[in-house]
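Let me begin by presenting the structure, written as structure tokens, before commenting on it.
The values are calculated or read from the model by the stated rules, or taken from the named source; none is laboratory data. All values derive from a computational prediction rather than experimental measurement. For neighbour counting, all protein chains shown are included, and Cβ atoms are generated from backbone atoms with ideal geometry for every residue, glycine included. Each accessible area value is taken on the protein alone, full model and side chains, heavy atoms only, with ligands, DNA and RNA left out. Shrake-Rupley method; radii C 1.70, N 1.55, O 1.52, S 1.80 Å.
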Amino acid sequence: MKEQSPKRKLRIRIFIMCAVFSAFFALLFLRLAYIQLIDGPKLQKLALEQQTRDSAVASKRGTIYDRNGKVLAKSSSVYTVTANPNEIRKAKKDVNEIAEKLSDALGMDDEKIEELLKREVNHVVIKRKIEEEESNKVRALELPGIILQEDAKRYYPYGNFASHVIGFTGDDNQGLGGIEMVYDEELKGVPGRVVALKNALDSDMPFKEETHVDPEDGINVVLTLDETVQHFAEKHLETAYLEEKTLQGASAIVMDVDTGEILAMTTKPDFDLNNPFELIDEAEKERISAIADDKERVAELSNALQSMWRNKAVVDSYEPGSCFKIVTACMALEEGVINENSTYYCPGYKQVESHRIHCAKREGHGMQNLADAVKNSCNPAFIEIGMSVGNDTFRKYYEAFGFLDVTGFDIPGEANGVFYAKDNFNIVELATASFGQGPKVTPLQMITAVSAVANGGKLMKPYLVKELVDDNGNVISATEPTIVRQVISESTSEKMCSMLENVVANGGGSNAYVKGFRVAGKTGTSEKIPRGSQKYIASFIGFAPANDPKVCCLVMLDEPSNGEYYGGRIAAPVVGRILEDTLNYLNVEPQYTEQERQSLDIFVPDTKGLSQANAIKNLTSEGLKYTVVGSGETVINQMPKGGSMVPGGSVVVLYTEDVATRKVIVPDVTNMSVSQARAKLAESRLNINISGVTGGSNSSTPNISVKQSIMPGVTVEEGTIVEVEFRYLNMD
């Protein structure tokens, strides 16, 4: 074989080398192409993260307003202090010294700060949501690796006002309850960003070049709540909750019957929206703190907080008791199986198969017409009414009134009503359901149904959010009243309004009577399961004026433990007070009877500086009596003071000399009638201001004083006004 020439060997060698280099460059090109085209976006992102610090700038959360523009929740600018421990370490700064300086500025434990700064990470949070004063202190320190980030803090001007409705936010400004949670997307806005360049040591570049992306503020939410009406409901429910020692809480709702707007909604006990993770029950707080096991303690705390945040008016169902008789009567009237002339005999019980079901009045009501059966809240009569309706029709109306569905309300966690399965809804169940025992409803469902009875039969969808607006007041979206369905006719509505007005004027709802306003309503008292537990729910639902309903109010007291548990005795007065304040606030014109007009309170004229003769003339012209202390000619003082409200015929003490005011001891006037209490106070030369019920009932049992504003035995000035509250105590 002929040996290859040196030139040929060289050419082969060159060819192989070129092939190798070509393959190498081809592979290199492919690799570069892969990096550029496939991994490019990923590597760009990594490079950007390595070369920049990207910090979020919190957006300003939208404001929550009441229907009149009063602020219920707002955000203010604050700062969050963060640190980059790696940057501090690379800068070779003394961590102990930095921790001590931050400790002084932030009022924190320096050891806790030092522990955070020693972590091998690029980001730790030192303290959230600090105010301007603290942020200025931190800024003045000019510490390396310490960063102030713009943040926002939620603030609730009224604290524990409407807390279950408004809800609250967490550390990251996310909504955690109520409207804050449901409308979180609209309220929170879009966060901004600050992008700053970093060097190889992971610290800021010396020229501090930054890019700012401004945040977009959140949308504002306008509620249907009226701050003033909410205040009335909160105040009167709180009083009842405490006085009746209600073990499982209480709820109240005020609704516009024509639109379904919620004017007030409150649950007691409530909580402070500015400190929502702080238990308000001191005994519960101590119990949980004493638990040794960490996991068990955390679990118990979580359960206690969830219970505290629970909105009973929306998420809890209960047996409505006799309040449900309104619905039963409407069913029967609408179906034409009864009329206003229907009569019922009550011997004190009704036998249904093997069950003897008693009336609240064990001796019975005797013969009565429909209006009397409603007024007397007679169980045997309503069992007959329910039987005349029948199982299938009863269920049909139960569903039509909205008790089997959620209302679609704005608050999360709304419960369904509870009713029997078709196979389990038999004659005995129909009998008890007819007077509100067995089925369960929520307070929201109950007030929605009764508002339909009041407004001509239209079932309205209840709602809490009136509109969404921007900072310039432009309406982004608005909620319009929605008619769900017509459940009864206007004729049936008018008949029921008249009968329910009779309940307050002459029956078991007399404690809800309001002077000058025609109030309609119904009592409710239900025993909780298991029967015989002696645990009750007292409730009352009322609306006014009965001849032209504007607002409806429901009050529910869960397990009162102060000796009284009948809805007519302890819930009806609360509804009466809320309705009285609300109707006056809404400028609904009173319609006084002649008897009511004569008993109206009057303002005491201010007679200071007047001659004795003119002072006496002014008082007597207003229907007031007087007594003079001193021998001077000019009045220098008086008791009660000018501008006070007193009943006609009260005595005003006129002082014409600078003498010590005469003192008297306040007597005990509880458990007395109006005339007895008035006479007893007059004997002590004191005036009476009557609150509660002083008319509106034909009951054979008189109204009795249950509370006085000044305790017996206290020494006061002669002529002082003592407010005395009266109630009927034979109500169920």
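Can you report the number of residues in the range 416-474 which are polar (S, T, N, Q) and touching a strand residue (DSSP E or B) at 6+ places or on another chain (Cβ under 6 Å)?
Qualifying residue count, the range 416-474: 1.
I'm trying to understand the selection: among the residues of the range 246-256, which are of a type outside the set (Ser, Thr, Tyr) and either surrounded by 24 or more Cβ atoms within 10 Å (Cβ to Cβ) or in contact with a Gly (Cβ under 9 Å, 6 or more places away or on another chain) (or both)?
Ala250, Ala252, Ile253, Val254, Met255
Let me spell it out: the conditions are (1) modelled with pLDDT under 90; (2) open to solvent by less than 30 Å² (accessible area, probe 1.4 Å); (3) acidic (Asp, Glu), and Asp601 meets all of them except one. Which number is the exception?
Here Asp601 clears every test but (2).
One residue is enough: does the range 89-99 have a residue meeting the conditions crowded, with 21+ Cβ neighbours inside 10 Å and more than 30 Å from Thr228 (Cβ to Cβ)? Don't jump to the end; show me each part of the working.
Start the filter on the range 89-99 by keeping residues that are crowded, with 21+ Cβ neighbours inside 10 Å, which leaves 98-99.
Checking the rest, the ones that are also more than 30 Å from Thr228 (Cβ to Cβ) come to 98-99.
Yes; the residues of the range 89-99 include at least one that is crowded, with 21+ Cβ neighbours inside 10 Å and more than 30 Å from Thr228 (Cβ to Cβ).
Filter the range 362-378 down to the residues that are in contact with a His (Cβ under 9 Å, 6 or more places away or on another chain) and open to solvent by less than 20 Å² (accessible area, probe 1.4 Å), then identify the one that is nearest to Glu340 (Cα to Cα).
Ala373
Please go through the range 88-109 and pick out each residue that is more than 19 Å from Ser135 (Cβ to Cβ), free of Cβ contacts under 8 Å to residues at least 60 places away in the same chain and assigned to a helix (DSSP H, G or I).
Narrowing the range 88-109 to residues more than 19 Å from Ser135 (Cβ to Cβ): 88-97, 109.
Checking which are free of Cβ contacts under 8 Å to residues at least 60 places away in the same chain leaves us with 88-89, 92-97, 109.
Within the range 88-109, Ile88, Arg89, Val95, Asn96, Glu97 qualify.
State yes or no: is Thr701 surrounded by fewer than 16 Cβ atoms within 10 Å (Cβ to Cβ), modelled with pLDDT under 80 and under 30 Å from Val503 (Cβ atoms)?
Yes, satisfied.
What strands (runs of 3 or more DSSP E) completely inside the range 472-531 contain at least 3 residues that are touching a residue at least 24 places away in the same chain (Cβ under 8 Å)?
483-486, 520-527
Select from the range 289-328 the residues that are modelled with pLDDT under 90 and either open to solvent by less than 30 Å² (accessible area, probe 1.4 Å) or closer than 21 Å to Ala233 by Cβ (or both) and list them in ascending order.
Selection gives Ile291 alone.
Let me confirm something: among Leu464, Leu459, Leu500, which residue is within 28 Å of Asn416 (Cβ to Cβ), touching an Asp or Glu at 6+ places or on another chain (Cβ under 6 Å) and buried (at least 21 other Cβ atoms within 10 Å of the Cβ)?
Matching residue, one of Leu464, Leu459, Leu500: Leu464.
Under 9 Å by Cβ, and 6 or more places apart or on different chains, what pairs join a residue from the range 233-247 that is farther than 15 Å from Asp281 by Cβ and hydroxyl-bearing (Ser, Thr, Tyr) with one that is part of a helix (DSSP H, G or I) and open to solvent by less than 60 Å² (accessible area, probe 1.4 Å)?
Thr239/Val574; Thr239/Arg577
Quick test for you: out of Ile483, Ile488, pick the one residue that is closer than 19 Å to Pro549 by Cβ, among the β-branched types (Val, Ile, Thr) and touching a helix residue (DSSP H, G or I) at 6+ places or on another chain (Cβ under 7 Å).
Ile488
Would you list the helices (runs of 4 or more DSSP H) that sit entirely within the range 245-359 and hold 3 or more residues that are closer than 23 Å to Met446 by Cα?
Output list reads 312-315, 325-335.
For Ser675, all conditions in the list (1) part of a helix (DSSP H, G or I); (2) modelled with pLDDT of 85 or more hold save one; what is the number of the exception?
(2)
Taking the range 71-97 only, how many residues are out of contact with any His (no Cβ under 9 Å at 6 or more places or on another chain), of a type outside the set (S, T, N, Q) and at pLDDT 80 or above?
Number satisfying all stated conditions: 7.
Considering only the range 117-132, how many residues are within 40 Å of the chain's Cα centre (by Cα) and surrounded by 13 or more Cβ atoms within 10 Å (Cβ to Cβ)?
7
Restricting the first residue to the range 276-303 and requiring it to be under 27 Å from Lys153 (Cβ atoms), which pairs with a second residue that is among the β-branched types (Val, Ile, Thr) and part of a helix (DSSP H, G or I) meet a Cβ separation below 6 Å and a spacing of at least six or different chains?
Taking only residues 6 or more apart or on different chains, the pairs are Leu301/Ile288.
Within the set of pairs 6 or more residues apart or between chains, which connect a residue that is over 18 Å from Thr525 (Cβ atoms) inside the range 354-370 to a residue that is open to solvent by 100 Å² or more (accessible area, probe 1.4 Å) with Cβ atoms less than 8 Å apart?
Pairs that qualify, where the first residue is over 18 Å from Thr525 (Cβ atoms) and the partner is open to solvent by 100 Å² or more (accessible area, probe 1.4 Å), are Gly366/Tyr345; Met367/Tyr345; Gln368/Tyr345; Asn369/Asn341; Leu370/Asn341.
For the range 328-353, how many residues meet the condition of being closer than 19 Å to Ala433 by Cβ, charged (D, E, K, R) and in contact (Cβ under 8 Å) with a residue 60 or more places away in the chain? Break it down stepwise before answering.
In the first step, residues of the range 328-353 are kept if they are closer than 19 Å to Ala433 by Cβ; the result is 328-335, 337-338, 344, 346, 349-353.
Narrowing the set further to residues that are charged (D, E, K, R) leaves 334-335, 350, 353.
Right, trim to in contact (Cβ under 8 Å) with a residue 60 or more places away in the chain and you get 334, 350, 353.
Result for the range 328-353: 3.
Mind checking whether some residue in the range 47-54 is surrounded by 14 or more Cβ atoms within 10 Å (Cβ to Cβ) and either part of a strand (DSSP E or B) or modelled with pLDDT of 80 or more (or both)?
Yes, there is a match, as at least one residue in the range 47-54 is surrounded by 14 or more Cβ atoms within 10 Å (Cβ to Cβ) and either part of a strand (DSSP E or B) or modelled with pLDDT of 80 or more (or both).
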